[in-house]
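The values are calculated or read from the model by the stated rules, or taken from the named source; none is laboratory data. Please read all numbers here as calculations on a predicted model, not as lab measurements. Here Cβ is always computed from backbone atoms with ideal geometry, including for glycine, and neighbour counts include all displayed protein chains.
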Amino acid sequence: MSPTLIQLAYLLAAVCFILGIRDLSSPRTAVRGNAIAAVGMLIAIVATLLTRGVVNFPVVLAGVAVGSAAGTILAFRIQMTAMPQMVALLNGFGGAASALVSAAELLRYERAGELPNATVSTAIVLGALIGAVTFTGSLIAFAKLQELMRGRPITYRGQQIVNGLLAIGIIGLSVMVAMDPSQITAYWALFVGSLVLGVLIVIPIGGADMPVVISLLNSYSGLAACATGFVLGNSGLVISGSLVGASGLILTKIMCDAMNRSLTNVLFGAFGQAPAPTPAGQVEQRTVRGYTADDAAIVFNSARSVIIVPGYGMAVAQAQHAIRELMTVLDARGIDVRFAIHPVAGRMPGHMNVLLAEANIPYEKLLEMDQINPEFGETDVALVLGANDVVNPAAREEEGSPIYGMPILDVDRAAQVLVIKRSMNPGFAGIDNPLFYKDNTMMVFGDAKATALGIAEALKEL
Amino acid sequence: MLEDPAVALTILVLSLFVGVEVISKVPPLLHTPLMSGSNAISGITIVGAIVAAGSAEITNSTVFGFIAIVFATINVVGGFLVTNRMLAMFKKKPTTPREGS
């Protein structure tokens, strides 16, 4: 195929990606959108196979076969609760691929006895840098989410200095290689340094901040692809990569806004901080009465409207199907049930929605924070299930609180609040939650799944 | 081809704007599928990997290219399939109850 035709095929692929993402604007068209994007990818791959110079088909097809098999198994085996890990892993693979392509291109120039021009050499450097950081950063995020390593921030003295020096070193090497691409050793040092940097910048970030990290790494994987586009002089890659880059950046911003924190604070917040346990004296000792699932059932029995607020605890307990069961029982009694989804509930953007959809709960019942917040005042029961910080009224009322200013779901405005929780342990942020002590709050201690099922059973008997 | 860096930058900047416009319209309901789907799209780097691995002579570039193809294909195939799996679950009306789980 002529180079022009091939470039046009890439353009067509990019158009498919844009149309595909556009169809994600509604759940009705989203499946089609994903299919359109997949067709775009197929077009791009076929065009590449028809490119002059691509002749070693056994190697190419072997790679595609291995990758397809692994990808298919991953996609069908993965549990919906584990989606954050899955996305982190895929992000990492995308980054690794871009970094490797950048290295392969530099070696090809070297073998041919040529030197890339300034644009290409800059792109080769950026591809290696962003791709390698994305790869190892994503692997660490994966390990934290999969609980292969502890989710708590890992900090040590002088961390900022170590990272700063490494970053300066990498920038220095980057400039050096970009200006003189014959410096292969410097390139490899840059490559390895970036791999190390990816690890070091993610280990101090805690589990609850993972939505931001995943979004950001998502953006990086796009930017790495974009850099590859510059390396190869391929506008299709530039367009597609920047789409993903923009997507990740938008999600990153939404996540940061939903936590009322700056990106800098999320990324570097744990640095230089002495581990600060809650000063024991300051928290007044309050006691809370624990209720049972039967008590909760009585509350639901007289309710007409219920809003359920799921959090990460629901995912941990795999409680989404139990909630569906409870919802069916409430529905049968003519009780209006809706769900309130906080933007940072769970470990990645939109995670709760996927879990509830998996449990066959219609998406019309899933409402965003801004839509549902005015409704709590007119609701009989708010059921908080595995959520903590996102319903903490301290964010609204206590100026001294670390989460002050964070937008929350106003569950405390409901006539009755039911909180299902394992124990009185504070949430990830380690902040006491005044909601639990309010007069209109009932605490039901226990596993989210067992308790939800218990309430449903008790309701059937009433 | 993108010989002129200004042309490439033009494309980059314009497509960033397109991206922001299109992606801002995706509701939070679908943010997880958006991530996995856009993730699959970032696997477009497979194009570069095929070029690197597919050249006639077997060199270091072939090895890097091959590994890059494997990674990028996992990204593409895994990403689109899992996105499809998720999106298929979003229903407007409840369907027949599942056989418990």
Original post:
Right, A:Gly131: under 21 Å from A:Gly71 (Cα atoms) and outside the structural domain of A:Ser68 (by TED's automatic domain parsing) or not?
Top reply: yes
Original post:
Pairs under 7 Å by beta carbon, first residue more than 9 Å from every other protein chain (Cβ to nearest Cβ) in segment A:36-53, partner part of a loop (DSSP other than H, G, I, E, B), six or more apart or different chains?
Top reply: A:Leu50/A:Met1
Original post:
Can you tell me which residue in segment A:391-408 is surrounded by the fewest Cβ atoms within 10 Å (Cβ to Cβ), limited to those that are of a type in the set (Asp, Glu) and assigned to a loop (DSSP other than H, G, I, E, B)?
Top reply: A:Glu399
**OP:** Run B:Ala68 past the list (1) farther than 28 Å from A:Arg32 by Cβ; (2) among the small types (Gly, Ala, Ser); (3) modelled with pLDDT under 95 and report the number of the one that doesn't hold.
**Re:** (3)
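Here's the yes/no breakdown for (1) over 23 Å from the mean Cα position of the chain (by Cα); (2) within 18 Å of A:Asp432 (Cβ to Cβ):
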{"position": "A:Gly334", "(1), (2)": "yes, no"}
{"position": "A:Ala340", "(1), (2)": "no, no"}
{"position": "A:Val344", "(1), (2)": "no, no"}
{"position": "A:Pro362", "(1), (2)": "no, no"}
{"position": "A:Ala387", "(1), (2)": "no, yes"}
{"position": "A:Asn392", "(1), (2)": "no, yes"}
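Checking the conditions here, which among A:Gly454, A:Gly400, A:Gly377, A:Gly350 is at positive phi and of a type in the set (Gly, Ala, Ser)?
On the way: A:Gly454 fails: at positive phi; A:Gly400 fails: at positive phi; A:Gly377 fails: at positive phi.
Testing whether each residue is at positive phi and of a type in the set (Gly, Ala, Ser) leaves just A:Gly350.
Which of the residues that make up segment A:104-118 are in a helix (DSSP H, G or I) and surrounded by fewer than 24 Cβ atoms within 10 Å (Cβ to Cβ)?
Start the filter on segment A:104-118 by keeping residues that are in a helix (DSSP H, G or I), which leaves A:104-111, A:118.
Once the filter is applied, which keeps residues that are in a helix (DSSP H, G or I) and surrounded by fewer than 24 Cβ atoms within 10 Å (Cβ to Cβ), segment A:104-118 yields A:Leu107, A:Arg108, A:Tyr109, A:Glu110, A:Arg111, A:Ala118.
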Subject >> Residue that is nearest to the other protein chains (Cβ to nearest Cβ), among those in segment B:12-68 that are in a loop (DSSP other than H, G, I, E, B) and over 15 Å from A:Ala246 (Cα atoms) >> reply: B:Gly54
Original post:
When A:Cys226 is evaluated against the numbered criteria (1) over 27 Å from A:Tyr109 (Cβ atoms); (2) part of a helix (DSSP H, G or I), which criterion, by number, is the only one it fails?
Top reply: (1)
Original post:
Which of the residues that make up segment A:373-390 are outside any loop (DSSP other than H, G, I, E, B) and within 22 Å of A:Gly346 (Cβ to Cβ)?
Top reply: A:Asn373, A:Glu375, A:Phe376, A:Ala382, A:Leu383, A:Val384, A:Leu385, A:Asp389, A:Val390
Original post:
If a residue has to be surrounded by 16 or more Cβ atoms within 10 Å (Cβ to Cβ) and either among the charged types (D, E, K, R) or within 25 Å of the chain's Cα centre (by Cα) (or both) to count, how many in segment A:434-459 make the cut?
Top reply: 3
**OP:** Specify which of the listed residues (A:Ser215, A:Ser235, A:Ser221, A:Ser240) is over 30 Å from A:Leu5 (Cα atoms) and among the polar types (S, T, N, Q).
**Re:** A:Ser215
**OP:** Mind listing whichever residues of segment B:22-60 are in contact with a helix residue (DSSP H, G or I) (Cβ under 9 Å, 6 or more places away or on another chain) and surrounded by fewer than 17 Cβ atoms within 10 Å (Cβ to Cβ)?
**Re:** B:Ser24, B:Lys25, B:Glu57, B:Ile58, B:Thr59, B:Asn60
Original post:
How many residues are among the aliphatic types (A, V, I, L, M) and either on the phi > 0 side of the Ramachandran plot or within 9 Å of chain B (Cβ to nearest Cβ) (or both) if we restrict to segment A:107-119?
Top reply: 2
Original post:
When you look at A:Val411, is it at negative phi, out of contact with any strand residue (DSSP E or B) (no Cβ under 6 Å at 6 or more places or on another chain) and buried (at least 17 other Cβ atoms within 10 Å of the Cβ), yes or no?
Top reply: no
**OP:** Kindly check whether there is at least one residue in segment A:130-152 that is of a type in the set (S, T, N, Q), out of contact with any Asp or Glu (no Cβ under 6 Å at 6 or more places or on another chain), without any contact (Cβ under 8 Å) to a residue 60 or more places away in the chain and at negative phi.
**Re:** no
**OP:** Go through segment A:331-357 residue by residue and tally those that are under 15 Å from A:Ile308 (Cβ atoms) and in a helix (DSSP H, G or I).
**Re:** 6
**OP:** Inspect all residues belonging to segment A:372-380 and state whether any of them is at pLDDT 95 or above and under 24 Å from A:Ile250 (Cα atoms).
**Re:** yes
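Among A:Val46, A:Val60, which is the only one that is of a type in the set (Val, Ile, Thr), within 13 Å of B:Ile69 (Cα to Cα), out of contact with any strand residue (DSSP E or B) (no Cβ under 7 Å at 6 or more places or on another chain) and not assigned by TED's automatic domain parsing to the domain that holds A:Gly241?
Values: A:Val46 fails: within 13 Å of B:Ile69 (Cα to Cα).
Among A:Val46, A:Val60, only A:Val60 is of a type in the set (Val, Ile, Thr), within 13 Å of B:Ile69 (Cα to Cα), out of contact with any strand residue (DSSP E or B) (no Cβ under 7 Å at 6 or more places or on another chain) and not assigned by TED's automatic domain parsing to the domain that holds A:Gly241.
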